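**Q** Following this message is one structure expressed as C-alpha cells.
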Amino acid sequence: MPLHIYNSLNKQKELFQPITPNIVKMYVCGMTVYDYCHIGHARVIVVFDVVAKWLRTSGFDVIYVRNITDIDDKIIDRAVKNRESISNLTTRFIQAMHEDADALGAARPDFEPKATEYLQPMLSMIGKLFANDLAYQSASGDVNFKVRSFLNYGKLSGKNIDDLQSGHRENANINNNNANYKQDPLDFVLWKAAKEHEPQEVKWQSPWGTGRPGWHIECSAMSCSILGEQFDIHGGGMDLQFPHHENEIAQSEGANNYQNGEYIHKNVANYWIHNGFVKINDEKMSKSLDNFFTVREVFEHFHPEVVRFFILKAHYRSPLNYADIYLKEAKLGLERIYNCLEKYDNIHINANDNNLDWQNEYAICFKKALDDDFNTAIAISVLFEMVHTLNKEHNPYLAKLLKHLCSILGFGQLLNSDALSLNHQLNTELVEQKINERKTAKLEKRYKDADKIREDLISMGIILQDKLNGETTWKKS
C-alpha cells in the first residue's frame, strides 16, 4: 500500500504524491520561544519527527523546516517583565527547546529559521500583497490584509466569511479594540506600527514606517523563502488551523499566485497535516486551570523515551489525554519491549540499515500502518505482537527486526529497561562490563560496536573519558 495522508485541506485521506518525485519539502510551525516547551509542543516535535523519519525510510529525500518565532507580543511582554533583552530571552529558550527535543529523541530539522532573520522576505511579501490590492495601511500605521479581497479565504478551515463577520459583530460588543483602524473587522495585521513604549530592539524600518511583523506573515515568508512558492507538506497543531494557517494560505497565495493581475489557483502546500489537541486528565490544558505542564516537569517523573512512547501510542490526529496513569501504562509497555530485547543483548543494528526483510509478515503490517496516515498506534501494536512471538520462541532475526522497527519510531535504543526508571540504582558492574566490551571491540577494530557501546552508556547518563595510557574512566553526567 503506498503512503496515504489525511489532508486537512480536502478533509480526506489522499495518495501522497510529491511535487518532485522522491523529494519531499515539509514545513512545520514551531515554537514561540518565551517559555519552556509544554506537553503540546512535545507532541508536535515527536509527531513530525516520525513523519520525517518514515518518509526517509520510504525512500524520499526530505527537506524538513521547522521555524522558530523569536519576535511576538508574548516575547516582548516576557522580556520587559524580566527586564532582559529580547535576544537574551529567546536565546535561552531556544537552547531549552533543543535540550527538550534532544531528550525526546527527535532529530533536528534540516532548517530551523528564526523569524528575525527573515525580515526582508517579509517586507517583500507585504509589498507583493500591496501590488495585488490585498493590503492597506490603516490610520494607526498598521498594515493589514484585506480578507474579503482574497476569494479563497476559508478553504482550509471551512469557515464562511459571513459567519465570521457575524461572530466579529458579536465580539465587537465585548471588545472594540482597533475596530476603527481596519476597513473590515476580519482583516488581520501584516506589519505592526512601532509603539513608543516598546523596546528599540523590536523596531525595524519598512516602507510603511518603523515597526515589526505580524505573526502570520513570519511563517509565510520563511516557508516560501526556503521551500519555494509551492511545497508538499505543511504541518502543525490543530489549534493553528484557524486563523494562523488560514492566514498563511491567504498571504502566501495572495502574494505569489497572481500573473498579469489574474489569480492562479495553486496551493502553497498540497498536504496539510494537523496533530490533535492534548488534554490533561480529560480537561483542556490551560494555565488558568492550573493543569499546564512543561516537558521538563514531566521529565522529573517519567523518562523522555516513555513520554515519546506515550505520545506515539495514540494516532497523531486523535486527542491525547495526559494523565499519570497513562504514562505509567506507557512505561510498562515499553519495558515489555526492552525485557524481550534483553534476551538478545548481542544484537546491534545500524539505524540506517534498510537491508532487513520488508517482506516479513510483521514488517508488512508495520509498514501498512505507517503508510496509512502515519498510524503509530497500529504500528506499536505490531511491535507487541512481535514481542509475544519472541517470548514464545527464540528467533534472533525477528529480534533484530523488532529493534530496527522500534528505531524508526525512535525508541528501544537504551541499554535496558532499568534505564527507564529515573530512580534506578546505577549498576556499576554493568558499566564496567560494557567498558571492557568496548575495549575489546576497539582492540579487534570493531569500531562501530565500540561506538554503539559508548552511545548506550551515554543513554544511561555515563560519560567516558579515554586516557592516553589506554585506560577508560567514567562518571555520571
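**Q** ASP70 versus (1) charged (D, E, K, R); (2) free of Cβ contacts under 8 Å to residues at least 12 places away in the same chain; (3) crowded, with 18+ Cβ neighbours inside 10 Å: which is the lone unmet condition?
**A** So ASP70 meets the others, but not (2).
**Q** Kindly indicate which of TYR258, TYR271 is under 30 Å from GLN12 (Cα atoms), among the hydroxyl-bearing types (Ser, Thr, Tyr) and touching a helix residue (DSSP H, G or I) at 6+ places or on another chain (Cβ under 9 Å). Can you show your working first?
**A** Details: TYR271 fails: touching a helix residue (DSSP H, G or I) at 6+ places or on another chain (Cβ under 9 Å).
The unique qualifying residue is TYR258.
**Q** Would you confirm whether or not the range 302-312 contains a residue that is of a type in the set (D, E, K, R), in the same structural domain as GLY333 (by TED's automatic domain parsing) and either within 28 Å of ILE63 (Cα to Cα) or at pLDDT below 95 (or both)?
**A** Within the range 302-312, the subset of a type in the set (D, E, K, R) is 305, 308.
Filter again for in the same structural domain as GLY333 (by TED's automatic domain parsing), leaving 305, 308.
Filter once more, so that each one left must be either within 28 Å of ILE63 (Cα to Cα) or at pLDDT below 95 (or both): 305, 308.
Within the range 302-312, one or more residues are of a type in the set (D, E, K, R), in the same structural domain as GLY333 (by TED's automatic domain parsing) and either within 28 Å of ILE63 (Cα to Cα) or at pLDDT below 95 (or both).
**Q** Quick one: how many residues across the range 77-97 are in contact (Cβ under 8 Å) with a residue 60 or more places away in the chain, surrounded by fewer than 20 Cβ atoms within 10 Å (Cβ to Cβ) and either among the acidic types (Asp, Glu) or more than 20 Å from ARG296 (Cβ to Cβ) (or both)?
**A** Result for the range 77-97: 3.
**Q** Let me ask something additional. Given the range 360-477, what helices (runs of 4 or more DSSP H) lie entirely inside it while holding 1 or more residues that are surrounded by fewer than 14 Cβ atoms within 10 Å (Cβ to Cβ) and modelled with pLDDT under 90? Give the derivation first.
**A** Details: elements: 361-371, 376-392, 396-409, 428-443, 447-459.
Of the helices (runs of 4 or more DSSP H) lying wholly inside the range 360-477, those with at least 1 residues that are surrounded by fewer than 14 Cβ atoms within 10 Å (Cβ to Cβ) and modelled with pLDDT under 90 span 428-443, 447-459.
**Q** Of all residues in the range 98-118, which are crowded, with 17+ Cβ neighbours inside 10 Å, assigned to a helix (DSSP H, G or I) and under 14 Å from the mean Cα position of the chain (by Cα)? Before the answer, list the steps.
**A** The initial filter retains those residues of the range 98-118 that are crowded, with 17+ Cβ neighbours inside 10 Å, namely 100-101, 103-106, 109, 113-116, 118.
Imposing the further condition that a residue be assigned to a helix (DSSP H, G or I) reduces the set to 100-101, 103, 115-116.
Those that are crowded, with 17+ Cβ neighbours inside 10 Å, assigned to a helix (DSSP H, G or I) and under 14 Å from the mean Cα position of the chain (by Cα): ASP100, ALA101, ALA103.
**Q** Separate question: Would you mention how many residues in the range 284-328 are among the aromatic types (Phe, Trp, Tyr), in contact (Cβ under 8 Å) with a residue 24 or more places away in the chain and under 16 Å from VAL47 (Cα atoms)? Even if it seems obvious, please write down each step before you answer.
**A** Residues of the range 284-328 among the aromatic types (Phe, Trp, Tyr): 292-293, 299, 302, 309-310, 316, 322, 326.
Among the residues that remain, those that are also in contact (Cβ under 8 Å) with a residue 24 or more places away in the chain are: 292-293, 299, 302, 309, 316, 322.
After this cut, where a residue has to be under 16 Å from VAL47 (Cα atoms) as well, the list is 309, 316, 322.
The number of residues fulfilling the criteria is 3.
**Q** Same structure, new question: Please go through the range 266-325 and give me each residue that is of a type in the set (A, V, I, L, M, F, W, C), in a helix (DSSP H, G or I) and buried (at least 16 other Cβ atoms within 10 Å of the Cβ), ordered by number.
**A** First pass over the range 266-325, keeping only residues of a type in the set (A, V, I, L, M, F, W, C): 268-269, 272-273, 277-278, 280, 285, 289, 292-293, 295, 298-299, 302, 306-307, 309-312, 314, 320, 323, 325.
Then keep just the ones that are in a helix (DSSP H, G or I); that gives 289, 295, 298-299, 306-307, 309-312, 325.
Within the range 266-325, VAL295, VAL298, PHE299, VAL306, VAL307, PHE309, PHE310, ILE311, LEU312 qualify.
**Q** So in the range 10-28, with the set limited to residues that are surrounded by 19 or more Cβ atoms within 10 Å (Cβ to Cβ) and of a type in the set (A, V, I, L, M), which one is farthest from the chain's Cα centre (by Cα)? Explain how you work it out, then say what you get.
**A** Step one: list which residues in the range 10-28 are surrounded by 19 or more Cβ atoms within 10 Å (Cβ to Cβ), which gives 16, 18, 24-28.
Among the residues that remain, those that are also of a type in the set (A, V, I, L, M) are: 24, 26, 28.
Numbers: VAL24: 16, MET26: 11, VAL28: 6 Å.
The residue in question is VAL24.
**Q** Could you grab me the full set of residues in the range 59-95 that are in contact with a helix residue (DSSP H, G or I) (Cβ under 8 Å, 6 or more places away or on another chain) and closer than 30 Å to LYS313 by Cβ?
**A** VAL62, ILE63, TYR64, VAL65, ARG66, ASN67, ILE68, THR69
**Q** Please verify whether TYR64 is in a strand (DSSP E or B) and within 13 Å of PRO109 (Cβ to Cβ), treating the condition exactly as stated. Working first, answer last.
**A** Details: in a strand (DSSP E or B): yes; within 13 Å of PRO109 (Cβ to Cβ): yes.
So TYR64 passes the test.
**Q** Restricting attention to the range 192-236, report how many residues are assigned to a loop (DSSP other than H, G, I, E, B), among the acidic types (Asp, Glu) and under 30 Å from LEU156 (Cα atoms).
**A** Step one: filter the range 192-236 for residues assigned to a loop (DSSP other than H, G, I, E, B), giving 194-199, 203, 205-210, 214, 228-230.
Filter once more, keeping what is among the acidic types (Asp, Glu): 196, 198, 229.
Retained after the next criterion (residues that are under 30 Å from LEU156 (Cα atoms)): 229.
Adding up the residues that qualify gives 1.
**Q** Mind checking whether some residue in the range 29-43 is crowded, with 23+ Cβ neighbours inside 10 Å, farther than 20 Å from THR90 by Cβ and touching a helix residue (DSSP H, G or I) at 6+ places or on another chain (Cβ under 7 Å)?
**A** yes
**Q** Further question: Read through the list (1) touching a Gly at 6+ places or on another chain (Cβ under 7 Å); (2) assigned to a helix (DSSP H, G or I); (3) modelled with pLDDT of 95 or more, then give the number of the only condition that LEU341 fails.
**A** Condition (3) is where LEU341 drops out.
**Q** Something else: If I go through the range 46-70 residue by residue, how many of them are in contact with a strand residue (DSSP E or B) (Cβ under 6 Å, 6 or more places away or on another chain) and of a type outside the set (Asp, Glu)?
**A** Filtering the range 46-70 down to residues in contact with a strand residue (DSSP E or B) (Cβ under 6 Å, 6 or more places away or on another chain) leaves 47-48, 52, 55-56, 60-66, 68-70.
After this cut, where a residue has to be of a type outside the set (Asp, Glu) as well, the list is 47-48, 52, 55-56, 60, 62-66, 68-69.
Final tally of qualifying residues: 13.
The values are calculated or read from the model by the stated rules, or taken from the named source; none is laboratory data. Remember, predicted model here, so these are calculated numbers, not experimental data. Note that we place each Cβ from the backbone using ideal geometry, even for glycine, and neighbour counts take in every protein chain shown.
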